[in-house]
1. Taking the Cα centre of the chain as origin, sum charge times position over the Cβ atoms of Lys and Arg (+1) and Asp and Glu (-1), and report the length of that vector in debye to the nearest 20.
2. Identify which of Asp264, Asp222, Asp242 has the largest mean-square fluctuation in a Gaussian network model of the chain, with springs joining Cα atoms closer than 10 Å.
3. Using a Gaussian network model of the chain whose springs link C-alpha atoms within less than 10 Å, name the residue from Gly51, Gly172, Gly305 with the highest mean-square fluctuation.
4. For the chain, what is the calculated [θ] at 222 nm in deg cm²/dmol (nearest 500), taking -39500 (n - 2.57) for each run of four or more DSSP H residues and dividing by its residue count?
5. Per-residue HN-Hα couplings for the stretch 10-19, Karplus 6.51 cos²θ - 1.76 cosθ + 1.60 at θ = phi - 60°, whole Hz, x for Gly and Pro?
6. Calculate the spin-label point distance for Glu82 paired with Trp287, positioning each point 7 Å from the Cα along the beta-carbon direction, and give it in nanometres.
7. What is the Cα centroid distance between the stretch 286-324 and the stretch 1-80, reported in whole angstrom?
8. Given bins 5 angstrom wide, list per bin the percent of all Cα-Cα distances in the stretch 214-321, short to long.
Amino acid sequence: MFPIQRPRRLRRTEALRGMVRETRLSTSGFVYPMFVCPGSGVRTEISTMPGIFQQSVDHFLEECREVEGLGIPAVILFGIPERKDESGSEAASPTGVVQRAIEAVRRAKLNLVVLTDVCLCEYTSHGHCGVIEKGDVANDPTLALLAAEALSHARAGADIVAPSDMMDGRVGAIRKTLDEHSLQDVAILAYAAKYCSGFYGPFREAADSAPQFGDRRSYQMDPANAREALREVALDLEEGADMVMVKPALPYLDIIRQVRDRFDAPVAAYNVSGEYSMVKAAVRNGWLEEQRVVLEILTGIQRAGAEIVLTYHAKDVARWLKSS
Ligand code: PBG
């Protein structure tokens, strides 16, 4: 008890604070999300996400070199296809944008772990994450399409495929297909607890993937549910997921913590587009100090238990940590 106990003793200098710091923010688990589009010489900034671009493969590769140089270990790729159709067939095309982008990174021998987002919403004309039957997203017929997409990403050289569609059984279907094609070393990061969130708004402009009717409530999770997230994680691990993700990050720090405590697999969190845009907008208005709040946000996500963090702030954080 006071006056013997004085917690302020260990807060006296930066050196002391550094020694007793419990969470040491590090970029070693960072994944930088990137959007690849057709053509060449294309570099279009996403209006709601300053600093983030839709890029053709040439510019994409240039930015990959920068990411590598900053010591960020990994990128996750999203594709904006040439054309969209009912079944999102370009998702599994060997000459699709994502496939060509992966090949370019491999050819350039960059030291980057390449993840791909496996989903159909960027590729379907209706913008849903699966095929439509009787006005709804049909689960089982979608599985083969997702497995084919994951297979084509793996064949192009992806290290990790990350299904984000939230269909039941997709992790098992993807694992089986990869194994049947001798791609047993390609890992699966399951978007296991993916909530139906308003914070994906800016991403849907970036990936041109807004649903043309209805919403995603019949497949993405209800924000009110925590126990269900643990069940989703357990099922994905049973089906063969190597790592599991909670998404978004900030309104779901409690879920990250529970998943971390309950399971032994690596846990990822996605600091999503809307979380990034909020910070950028407030900073532009002079309402928040960018470096300070971004470091605080990412420390919070890591403190909650995520060792892997997908974040649009990755390059900025890497620069700040280097210069500090
Ligand atoms: C595809 C997908 C989405 C995001 C990642 N993969 C959008 C969605 O489900 O609507 C969101 C990422 C972000 O907001 O940064 N299904």
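1. Values: 38 positive and 44 negative charges, 368 e Å.
Around 1760 debye, computed over the chain.
2. Most flexible of the set in this elastic network: Asp264.
3. Result: Gly51 has the largest fluctuation of those listed.
4. Values: 11 runs with 125 residues, N = 324.
Here the helix-only value at 222 nm equals -12000 deg cm²/dmol.
5. Here the 3J(HN,Hα) series is 8, 10, 5, 10, 4, 4, 5, 4, x, 5 Hz.
6. Between Trp287 and Glu82, the simple spin-label model gives 4.4 nm.
7. Their Cα centres are 6 Å away from one another.
8. 2, 11, 21, 21, 18, 13, 9, 4, 1, 0
The values are calculated or read from the model by the stated rules, or taken from the named source; none is laboratory data. A quick note: this is a predicted structure, and the numbers were derived from the prediction, not measured. Every residue, glycine as well, gets a Cβ built from its backbone with ideal geometry; the counts of neighbours run over all protein chains shown. Surface accessibility is based on the protein's heavy atoms, side chains included, excluding ligands, DNA and RNA. Shrake-Rupley method; radii C 1.70, N 1.55, O 1.52, S 1.80 Å.
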